[in-house]
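Let me begin by presenting the structure, written as structure tokens, before commenting on it.
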Amino acid sequence: MFSIDRIRVVLLGFTLLSMGGRAAGDTIVLKNGRRIIALSAVEEGDKVKYLTSAGELSLPKSIVDHIEKGAVPMAGSPGADAANLAIAPPSAQPIGGGDSHAIERAAVHDGAIDRPYIAKLEGEARAGTKQANFNAAMGHHAAASFEISHGDMEHALTDERTALIYAPEEPGLLMNVAYVHLRRSEYKQSLDYLERARRVAPDNPDVSKLAGWAYYGLNKLDQAVAEWKKALALRPDAEVQAALEKAQRDKKEEENYKENESSHFALRYSGAAAPALARDVLRTLEMHFSAIESELNYSPPDSIAVILYTQEAFADITKAPGWVGALNDGRIRMPMQGLTGVDQELSRVLKHELTHSFVQQKTHGHAPTWVQEGLAQWMEGQRSGENATALAQIYSQGHAAPLGRLEGSWMGMGGDTARYAYAWALANTEYIVQANGMGDVERILDRIGSGMATEAALREVLHSDYNDVMQSTAEYLRKTYGR
């Protein structure tokens with residue numbers, strides 16, 4: 001249980017963390033309320049230029065309200081977000097011929113997509129000429145690229161698929177559709193488009209690069225390793241090299257593991273774990289799957305990978321901080337040493353980690369950490385009682401860290417700072433659920449999954465911004481747990 005003074009010390013640590021030597025990202029806040037997270041952002045003339053994993057992008061300064069420097073902690077340790085290996089869009093350009101750059105500049109300008117111009121291109125394509133179809137495809141591809149850069153994967157997928165109508169056998173467009181499916185954790189759909197791309201461009205390294213990601217997401221390590229080796233043989237690529245090394249570490253550790261499966265899970269476990277324990281884990285996961293599916297009105301489409309390690313193997317593979325007792329990086333990874341069956345504590349942890357899988361797939365990987373961890377704690381049965389008084393008092397004294405600080409990775413946090421972050425994440429989620437039920441949570445996740453910024457999703461569903469939610473949460477804590 002936290003004391004008031006204890007949480008004050010932790011809060012200081014959290015503030016220092018956001019100011020210290022660890023890499024921190026910038027947040028660009030637009031005048032419409034949208035927030036764009038970048039590795040760095042600078043003002044240059046009438047533009048705001050910002051760096052992302054997809055390269056350098058820019059926005060008109062006129063649509064930017066302000067830049068929050070160093071507002072979002074970025075993963076900095078080698079093992080942070082263990083399998084969250086950065087993946088940029090394919091470098092291949094769609095179809096040759098024509099002035100594609102001119103079309104791109106006309107289709108996207110002044111920080112927005114010019115839909116009337118794209119409609120004009122579509123009208124011209126009705127004439128059926130190859131050039132007109134190329135122009136229409138490039139217009140939609142430019143729109144999709146803009147939407148990808150802003151995290152709007154739902155509309156990006158629509159635009160990229162429309163581009164394929166005008167150029168159905170173009171490998172660059174096929175790979176971009178596959179890329180968007182990967183970002184949405186839709187691995188089987190991604191492979192469908194990659195197989196089409198491979199038929200027309202068998203030696204394109206980006207096809208193998210993306211296929212490796214799809215197989216990794218499907219827990220098919222042999223195929224992932226083979227694809228990434230092929231990609232590297234065709235072209236050196238730092239992203240592919242990092243992904244291959246990660247997959248090879250997993251493969252080496254798991255090559256002597258036993259396997260089991262159920263309706264929704266593919267389980268691998270160390271020989272040190274008893275088969276009875278593995279079966280018990282699967283039964284428990286299936287029970288929790290049904291409960292979470294009902295609560296969130298959602299069912300993940302693909303089988304979920306679960307890996308049971310020894311304590312030593314878990315530390316070696318994940319490189320996670322000592323306070324991490326389990327990890328979900330697309331695969332649920334857990335140390336099981338010394339256990340012979342699923343007790344109440346293990347059941348709780350399994351439900352927590354499984355919630356992450358649901359949220360990850362429902363939001364296509366866009367949910368910020370505070371939403372992920374707050375909902376996972378709520379689902380496992382945690383409540384804010386023991387921390388409520390301290391959190392409410394810290395808020396009333398004006399010392400609470402802004403909710404936006406909890407959006408990025410927590411993997412570089414120390415144990416005390418992480419406990420503070422978890423406490424606020426749970427408190428905010430608890431308030432949202434208790435105020436209007438799980439229906440609001442479901443609607444918020446759906447909007448985040450469509451590419452909407454989290455704060456904008458809260459505004460649309462709750463009619464509250466981050467400051468309003470924090471204030472309402474503090475009031476809820478005082479009324480519910482006040483003594």
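The values are calculated or read from the model by the stated rules, or taken from the named source; none is laboratory data. Keep in mind that what you see is a predicted model, and the values were worked out from it rather than measured. Positions of Cβ are backbone-derived with ideal geometry, glycine not excepted, and every protein chain shown enters the neighbour counts. Calculation scope for accessible area: heavy atoms of the full protein, side chains included, ligands and nucleic acids excluded. Shrake-Rupley method; radii C 1.70, N 1.55, O 1.52, S 1.80 Å.
Quick notes on this structure:
- Residue-level analysis places ALA233 among those that are open to solvent by 70 Å² or more (accessible area, probe 1.4 Å), of a type in the set (A, V, I, L, M, F, W, C) and part of a helix (DSSP H, G or I).
- Selected residue [open to solvent by less than 10 Å² (accessible area, probe 1.4 Å), hydroxyl-bearing (Ser, Thr, Tyr) and under 22 Å from VAL29 (Cβ atoms)] from THR355, THR363: THR363
- Near pairs, Cβ below 7 angstrom, 6+ apart or cross-chain, from region 401-417 (modelled with pLDDT under 75) to any residue that is assigned to a helix (DSSP H, G or I) and open to solvent by less than 10 Å² (accessible area, probe 1.4 Å): MET413/ALA421; ASP416/VAL10
- Any hit, region 181-197, residues being open to solvent by 10 Å² or more (accessible area, probe 1.4 Å), hydrophobic (A, V, I, L, M, F, W, C) and either at pLDDT below 90 or within 21 Å of ALA313 (Cα to Cα) (or both): yes
- Residues (over 19 Å from LYS31 (Cα atoms), modelled with pLDDT under 90 and open to solvent by 20 Å² or more (accessible area, probe 1.4 Å)) located in region 443-483: SER450, GLY482, ARG483
- Annotation for region 370-380: at least one member residue is surrounded by fewer than 20 Cβ atoms within 10 Å (Cβ to Cβ) and over 23 Å from LEU182 (Cα atoms).
- Among the residues of region 443-457, those that are out of contact with any Lys or Arg (no Cβ under 9 Å at 6 or more places or on another chain) and under 23 Å from ARG383 (Cβ atoms) comprise ARG443, ILE444.
- Any chance ALA390 is farther than 26 Å from ALA278 by Cα, of a type in the set (Gly, Ala, Ser) and either in a helix (DSSP H, G or I) or open to solvent by 30 Å² or more (accessible area, probe 1.4 Å) (or both): yes
- Selection within region 236-247 - in a helix (DSSP H, G or I), open to solvent by 70 Å² or more (accessible area, probe 1.4 Å) and of a type outside the set (Asp, Glu): ALA238, GLN241
- Filtered residues of region 395-407 (kept if closer than 13 Å to GLN372 by Cα and open to solvent by less than 10 Å² (accessible area, probe 1.4 Å)): LEU406
- Check on GLU312, touching a helix residue (DSSP H, G or I) at 6+ places or on another chain (Cβ under 8 Å), in a helix (DSSP H, G or I) and over 23 Å from ASP222 (Cβ atoms): no
- Flag for GLU345 being acidic (Asp, Glu) and farther than 27 Å from GLY439 by Cα: yes
- Selection status of ILE317, modelled with pLDDT of 75 or more and crowded, with 20+ Cβ neighbours inside 10 Å: no
- Search result, residues across region 134-178 that are of a type in the set (D, E, K, R) and either at positive phi or surrounded by fewer than 23 Cβ atoms within 10 Å (Cβ to Cβ) (or both): GLU147, ASP152, GLU154, ARG161, GLU169
- Some residue of region 342-349 being assigned to a loop (DSSP other than H, G, I, E, B), open to solvent by 10 Å² or more (accessible area, probe 1.4 Å) and among the β-branched types (Val, Ile, Thr): yes
- Failed item, numbered, when LEU339 is tested on (1) of a type in the set (A, V, I, L, M); (2) assigned to a helix (DSSP H, G or I); (3) farther than 30 Å from VAL180 by Cα: (2)
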